[in-house]
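Here's the structure, in structure tokens; my notes come after.
The values are calculated or read from the model by the stated rules, or taken from the named source; none is laboratory data. For clarity, every value in this text was computed on a predicted model and none was experimentally measured. Cβ placement follows ideal geometry from the backbone for every residue including glycine, while neighbour counts extend to all protein chains displayed.
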Amino acid sequence: MEKLIIGLEWFLNPDHMPLIIGMKKGWFAEEDLEIEMVEPEEHFDAIDEMKAGKMDIAITEPLHLVEDRAEGEDVVGFARFLHTNGGVMYMKGKGIERPRDLIGKRIQYPGAPGLGGLAIVKTMAEHDGATCSYEDFKSVNNGFYHTDALETDKADAATLIFKNFEITEAQHKGLKVDYFALKDWGIPDFCQLILITTSQVLSEREESLRKFTKVFRKAIDFIFEQQVEAKAIYLDYIKAGAEDTLAIKTMEATIPCFTYDFSMTDDYYSQLQSWLVETGKIKNPIQPEDFWTNHLSLLEKWPVTN
């Protein structure tokens, strides 16, 4: 049995249902794979641990893959498995009707006052016809607790949020919120989750990663086709009862976000890098084939028949 250690991008949540399904149905074991999921202490720790050789695979977003690779880190992505909508969530009643209204507002994002969240709101406002600078926004750092920042009036808007999680959470709490989607306001859509590894692991354990990807896809099929059982397996695994309505709502919102298509295009990553260069997040673009591969997610050759 070969062990694969998977670094989660966040705490255990419905995004990780394919891993849980694959383990509980015994499909990883059938491929002689033992899976260990590790929750990071901080959002980005899983990537750091993987680069240090303590994890084999990490879950992250395309944005972080490109940023890490642009800094010279040995990371390569090999499968996309979730695509949601998302961007900037804002409180209604704060004078925000369109992206240009974000100018002068308090913007919550992890890493504040760095460029991360500011690049998003500035691009949106400019796409909406405004002229502005980073100094025209007020940075707020409430970690990854976006909904809490709006609920406690620490901020007027928060980025980057995923619709299946933060919007669901805010609405569950009775907050009057809405959001501006990245793709609608001039920003390449990186509200996606991908699987990454190192070039060394990819080279030395390619067959294991191929088996892993095969089971991951099978688990997503099961989630779509056997939803009642899939939901029951997940809720039992996280020990959530019928009274845990937020966990159930988040799960229900997440299931439609899983994707059959694990591939990503060079054009997508070229556009994402162009935006990152324009906003000062990276200095120079890199050839997408240097940090992304689709070959693990492609079908094997069809057998020759007579």
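On the basis of being of a type in the set (S, T, N, Q) and closer than 22 Å to THR259 by Cα, does GLN192 make the cut?
Yes.
Within the stretch 84-106, does at least one residue satisfy the condition of being within 23 Å of ARG205 (Cβ to Cβ) and assigned to a loop (DSSP other than H, G, I, E, B)?
Our first condition is that a residue be within 23 Å of ARG205 (Cβ to Cβ); within the stretch 84-106, this holds for none.
So far as the stretch 84-106 goes, no, none of its residues is within 23 Å of ARG205 (Cβ to Cβ) and assigned to a loop (DSSP other than H, G, I, E, B).
Which of (1) on the phi < 0 side of the Ramachandran plot; (2) assigned to a loop (DSSP other than H, G, I, E, B); (3) touching a helix residue (DSSP H, G or I) at 6+ places or on another chain (Cβ under 6 Å); (4) touching a residue at least 40 places away in the same chain (Cβ under 8 Å) is the odd one out, the single condition ASN142 does not satisfy?
Among (1) on the phi < 0 side of the Ramachandran plot; (2) assigned to a loop (DSSP other than H, G, I, E, B); (3) touching a helix residue (DSSP H, G or I) at 6+ places or on another chain (Cβ under 6 Å); (4) touching a residue at least 40 places away in the same chain (Cβ under 8 Å), the lone unmet condition for ASN142 is (4).
Being out of contact with any Asp or Glu (no Cβ under 8 Å at 6 or more places or on another chain), of a type in the set (A, V, I, L, M, F, W, C) and outside any loop (DSSP other than H, G, I, E, B) is the filter here, so list the residues in the stretch 258-289 that pass it.
PHE258, LEU272, TRP275, VAL277
Within the stretch 3-30, which residues are among the acidic types (Asp, Glu) and either buried (at least 19 other Cβ atoms within 10 Å of the Cβ) or outside the structural domain of GLU49 (by TED's automatic domain parsing) (or both)? I'd like the intermediate steps shown before the answer.
Looking only at the stretch 3-30, we keep the residues that are among the acidic types (Asp, Glu), and these are 9, 15, 30.
GLU9, ASP15, listed by residue number.
For the stretch 175-199, which residues satisfy the criterion of being among the hydrophobic types (A, V, I, L, M, F, W, C) and farther than 16 Å from ASP128 by Cα? Before the answer, list the steps.
First pass over the stretch 175-199, keeping only residues among the hydrophobic types (A, V, I, L, M, F, W, C): 175, 177, 180-182, 185, 187, 190-191, 193-196.
Matches in the stretch 175-199: LEU175, VAL177, PHE190, CYS191, LEU193, ILE194, LEU195, ILE196.
In the stretch 31-81, what residues are in contact with a Lys or Arg (Cβ under 9 Å, 6 or more places away or on another chain), over 30 Å from GLN271 (Cα atoms) and either of a type in the set (A, V, I, L, M, F, W, C) or not assigned by TED's automatic domain parsing to the domain that holds LEU209 (or both)?
LEU33, ILE35, VAL38
Any residue in the stretch 1-22 that's farther than 26 Å from GLU169 by Cα: show its pairings with residues that are polar (S, T, N, Q) and surrounded by fewer than 22 Cβ atoms within 10 Å (Cβ to Cβ) at Cβ separation under 9 Å, as long as the two are six or more apart or on different chains.
GLU2/SER208; LEU4/SER208
Failed condition for GLU49, given (1) in contact with a strand residue (DSSP E or B) (Cβ under 9 Å, 6 or more places away or on another chain); (2) surrounded by fewer than 19 Cβ atoms within 10 Å (Cβ to Cβ); (3) assigned to a loop (DSSP other than H, G, I, E, B), with all others met?
(3)
Which condition number does ILE167 fail, the rest of (1) part of a loop (DSSP other than H, G, I, E, B); (2) farther than 21 Å from THR279 by Cβ being met?
Evaluating ILE167 over (1) part of a loop (DSSP other than H, G, I, E, B); (2) farther than 21 Å from THR279 by Cβ leaves (1) as the failure.
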